[in-house]
Amino acid sequence: MTVEAVDRPAEGVVGLRLVPVSGAATEPWRPGAHIDLVLPSGKVRQYSLHGDPADGSAYHVAVLQDPQGRGGSVEVHGLSVGDRVTVRGPRNHFPLAGAPAFLFVAGGIGIVPFLPMIEEARRRGTPWRLLYVGRSRASMAFLPRLERYGAERVFVYPRDVTGRPDLTAYLSAAPAGTAVYCCGPDGLMRAVEELMDTACPQGVLHLERFAAAADAAAGENLPFEVELGSTGAVVGVRADQSALDALRQEAPALTASCEDGLCGSCELRVLRGTPDHRDHVLSPAERGRTDVMYPCVSRARGGRIVVDL
């Protein structure tokens, strides 16, 4: 794809409009979807899509520059109109559920997936509220657009002016059956997750992380075996090795992007055995699934798991 336009929706944030070089339509997507951006250096990063899903002419992403990161965001900020990048996807592990109401909780650049979700909620006629937290108004992307929805729906907390919001109050006020969506820094995500049982037992939580978080509940890394259902080949996974790395001995071209358990690109179908889910793709309600695993971070409970590869 070609970078057709570049804009700056907030301090430290760059927006890109990407169009297919061929002139063909983009692949269809729904609110909550993201793409893999393969940068000129070869780095692969995942970014949420915003804009109108019905517009097949381009993809729109917005990226916060993180000088302390691994270099991907800095490289994106260096792109110019006319530069070419490779795009994979889109994929969607953060879809907008059917629910009687929505509460969107965004921190910083975590606002991006909620832009099309809000429009979809409006199209459905479903009540919604947005809680948007940021460092300062100048750093909060798309703020003027969002505030046009009205102060009764959009609650803005630039921390240098207002301090932090009372998350308990917002969660407690959510109607029964509310789908609570949260995307942002790890501290905000953990705070919402920890409050759900007490402040919002009437709601259902949906999370999307853009950085891997340490999982205190993760068990010890033990060696195990992965059997390939198609051939019967058995691959040993050492305690200090990911299943993805081990499987690449048999399938060097195995698809993977983030390798942090965030993007879902390495998904494998499980035929037998029990996965030890350590990813951030599955929601809390899906952690008991035994039909799928993400081998970049997840392991097996027991000595062997059989996958479709």
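Every number here is computed from the coordinates shown, using simple stated rules; none is lab data. Small disclaimer: the values here were computed from a predicted structure and weren't measured. Every residue, glycine as well, gets a Cβ built from its backbone with ideal geometry; the counts of neighbours run over all protein chains shown.
Go ahead and run the numbers for FRET between D55 and A176, Cβ-Cβ distance against an R0 of 51 Å, rounding to 0.05. According to the calculation, E is roughly 0.90.
Applying 0.36 nm per residue to the separation of V38 and Q68 and subtracting their alpha-carbon distance, the gain on full extension is 8.8 nm.
Each label was represented as a point 7 Å from its Cα along the Cα-to-Cβ direction; for D291 and Q241 these points are 3.1 nm apart. For the peptides 66-78, 34-46, the ranking by packing is 34-46, 66-78, with the highest mean count of neighbouring Cβ atoms within 10 Å listed first. What you get for segment 102-208, charging only the Cβ of Lys and Arg (+1) and of Asp and Glu (-1), is a dipole of about 420 debye around the Cα centre. Spacing of the modelled spin labels on D166 and S22, each 7 Å from Cα toward Cβ, amounts to 5.5 nm.
Peptides 289-299, 148-158 ordered by packing proxy, namely the average of other Cβ atoms within 10 Å per residue, highest first: 289-299, 148-158. Sorted into 5 angstrom bins from 0, the C-alpha pair distances of segment 224-308 split as 3, 16, 29, 29, 17, 5, 1 percent. Basic side chains Lys and Arg get +1 at the Cβ, acidic Asp and Glu get -1 at the Cβ, and with that the dipole of segment 2-91 about its Cα centre reaches some 280 debye. On the beta carbon distance between R145 and V234, with R0 = 51 Å, the FRET formula returns roughly 0.40. Compared with the direct C-alpha span, the chain from R190 to A253 gains 19.2 nm at full extension, assuming 0.36 nm per residue. Projecting the Cα atoms of N221, L254, I305 onto the dipole axis of segment 179-309, where Lys and Arg carry +1 and Asp and Glu carry -1 at the beta carbon, places I305 farthest toward the positive end.
Looking at the chain, the DSSP beta bridges with both ends there are about 60 percent antiparallel. For the chain, modelled as a GNM whose springs connect Cα atoms under 10 angstrom apart, the maximal fluctuation among P116, P28, P185 occurs at P28.
Taking every DSSP bridge with both residues inside segment 224-308, close to 75 percent are antiparallel.
In segment 148-208, a dipole from Cβ-located charges (positive for Lys and Arg, negative for Asp and Glu) runs towards its positive end, and of V161, P185, H206 it is V161 whose Cα lies farthest in that direction. Here the chain is assigned +1 on the Cβ of each Lys and Arg and -1 on the Cβ of each Asp and Glu. Its dipole about the Cα centre then comes out at about 460 debye. Among the cysteines of the chain, those with no neighbouring cysteine Cβ under 4.7 Å are C182, C183, C200, C266, C296.
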